[in-house]
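Colleague: Dumping the structure here so I can ask a few things about it.
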């Protein structure tokens with residue numbers, strides 16, 4: 001999707017409906033700065049307000065995502081193109097998130113190991129006070145668990161898990177991901193479709 005084209009279309013339709021950026025922002029309960037970013041092509045409207053935005057501008061979601069008015073003859077064809085484009089963007093976003101998850105996990109682990117080493121080695125051989133060692137280990141432990149929380153949240157949200165038994169792909173709950181045994185990107189979980197437990201692998205597309 002062309003964000004610049006969509007932004008210009010939003011601005012054009014806003015003006016056609018006799019609205020200022022502030023008036024449009026007020027109707028959508030967002031800031032006029034957010035509207036300005038849309039119209040400059042710097043960001044896209046959040047999916048939660050797209051329907052309301054289209055209603056205010058008197059356009060369809062397809063027209064919004066295309067950045068122009070669509071003839072009824074081409075409407076279904078353009079809808080499919082937009083759906084494919086949205087799917088591609090989600091898959092790319094999920095891939096980036098899963099790479100970030102690895103970085104977060106490694107950072108938390110390395111930080112914990114480093115602070116443990118510094119604290120224990122410094123206390124044992126370097127004359128480091130006991131309270132300093134405890135503080136360093138505590139900081140490392142907190143950072144490690146925080147990194148685990150964020151990494152698991154990404155693991156849950158990005159992509160899907162595929163049931164080995166029936167092939168169903170779904171997004172599990174955070175509790176399921178957190179409690180499940182895992183090997184790399186595979187987790188032993190119960191499928192919500194067939195009800196069987198299996199080692200389910202992480203996939204990007206549905």
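Quick note: the coordinates plus some simple rules give every number you see, no bench work behind them. Everything numeric here is computed off the predicted structure, so don't read it as measured data. With ideal geometry, Cβ positions are generated from the backbone for all residues, glycine too; neighbour counts draw on all protein chains shown.
Colleague: Apply 1/(1 + (r/R0)^6) to the Cβ-Cβ distance of residue 49 and residue 206, taking R0 = 22 Å, and write down the FRET efficiency to the nearest 0.05.
Modeller: Here the calculated transfer efficiency is 0.35.
Colleague: Given the options 157, 37, 88, state which has the largest fluctuation in a GNM of the chain using a 10 Å cut-off (strictly under) for Cα springs.
Modeller: Looking only at 157, 37, 88, the largest GNM fluctuation is found for 37.
Colleague: Now, a different point. For region 159-206, just the Cα atoms, rotate onto the principal axes and tell me the three extents in Å, largest first.
Modeller: For region 159-206, the Cα extents along the three principal axes come out at 22, 21, 17 Å.
Colleague: Enter the Cα centre distance for the pair region 176-193 and region 9-41, rounded to the nearest angstrom.
Modeller: So the two Cα centres are separated by 44 Å.
Colleague: Where Rh is the Kirkwood radius over the Cα pairs of the chain, the temperature 10 °C and the viscosity 1.306 mPa s, what D in µm²/s does Stokes-Einstein return?
Modeller: Translational D for this selection: 76 µm²/s.
Colleague: Taking every pair of distinct Cα atoms and averaging 1/r, then inverting, what Kirkwood hydrodynamic radius in Å comes out for region 89-158?
Modeller: 13.2 Å
Colleague: Please grab the % of Cα pairs in region 48-169 that end up more than 26 Å from each other.
Modeller: So the portion of pairs separated by more than 26 Å is 55 percent.
Colleague: Quick check on region 159-206: of the DSSP beta bridges with both residues there, what percent are antiparallel, nearest 5%?
Modeller: 100 percent
Colleague: Between 67, 127, 119, where does the largest GNM mean-square fluctuation fall for the chain, given springs only between Cα atoms within less than 10 Å?
Modeller: 127
Colleague: Please compute, for the alpha-carbon atoms of region 3-70, the extent along each of the three principal axes and give them in descending order in Å.
Modeller: Ordered largest first, region 3-70 gives principal extents of 27, 22, 22 Å.
Colleague: Please find, in a Gaussian network model of the chain (springs between Cα atoms separated by less than 10 Å), the residue of 104, 120, 154 whose mean-square fluctuation is greatest.
Modeller: Maximum fluctuation in the GNM of the chain, among the listed residues, is at 120.
Colleague: Follow-up. Quick check: pseudo-label points 7 Å beyond the Cα along Cα→Cβ at residue 174 and residue 93, how many nm apart are they?
Modeller: Going by the 7 Å Cα→Cβ label model, 1.9 nm.
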